[in-house]
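K.L.:
What follows is a single structure, and I will ask about it in a moment.
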Amino acid sequence: MPNSRPIIILGAARSGTKLLRSVINSSEHIAAVPYDINYIWRYGNEHFRHDALPEETATKKICTFIRKQLSKASAATNKTRIVEKTVSNALRVPFVNKVLPDAQYIFI
């Protein structure tokens with residue numbers, strides 16, 4: 001990750017998460033993942049029929065994969081931080097926190 005403090009926006013669908021991501025992305029220091037990446041967050045846990053992934057399913061392999069994917073999302077920029085807003089993350093905050101223990105959260 002460009003910085004150890006990614007910004008994770010958590011909120012329900014149609015609650016303003018996309019608008020907030022756009023506002024934060026206007027900073028010269030923050031790159032945004034431009035779309036929801038639920039398929040990346042579910043890597044290795046596709047067998048679950050729901051998005052509420054248990055914290056213990058965030059294995060070292062899964063954490064490494066997700067972190068690398070997030071890094072790729074901002075690698076083309078010179079920005080030092082990243083903001084991400086996959087809506088389903090509101091259902092798995094402990095899982096997300098295990099993957100990104102230094103993240104800052106904004107709850108809508």
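The values are calculated or read from the model by the stated rules, or taken from the named source; none is laboratory data. Since the structure is predicted, the reported quantities are computational estimates derived from the model, not experimental observations. Cβ placement follows ideal geometry from the backbone for every residue including glycine, while neighbour counts extend to all protein chains displayed. For accessibility, only protein heavy atoms count, side chains too; no ligands or nucleic acids. Shrake-Rupley method; radii C 1.70, N 1.55, O 1.52, S 1.80 Å.
K.L.:
Please go through (1) open to solvent by 20 Å² or more (accessible area, probe 1.4 Å); (2) in contact (Cβ under 8 Å) with a residue 60 or more places away in the chain; (3) more than 17 Å from N97 (Cα to Cα); (4) hydroxyl-bearing (S, T, Y) for T17 and return the number of the only condition it doesn't satisfy.
P.N.:
Unmet condition: (1).
K.L.:
Could you check segment 5-30 and list, in sequence order, the residues that are under 15 Å from the mean Cα position of the chain (by Cα) and assigned to a helix (DSSP H, G or I)?
P.N.:
T17, K18, L20, R21, S22, I24, N25
K.L.:
Go through (1) modelled with pLDDT under 95; (2) of a type in the set (G, A, S); (3) under 25 Å from E55 (Cα atoms); (4) crowded, with 17+ Cβ neighbours inside 10 Å one by one and return the number of the condition S4 breaks.
P.N.:
Result: S4 fails condition (4) only.
K.L.:
So how many residues does segment 31-83 have that are within 22 Å of L20 (Cα to Cα), in a loop (DSSP other than H, G, I, E, B) and open to solvent by 70 Å² or more (accessible area, probe 1.4 Å)?
P.N.:
Number of matching residues: 4.
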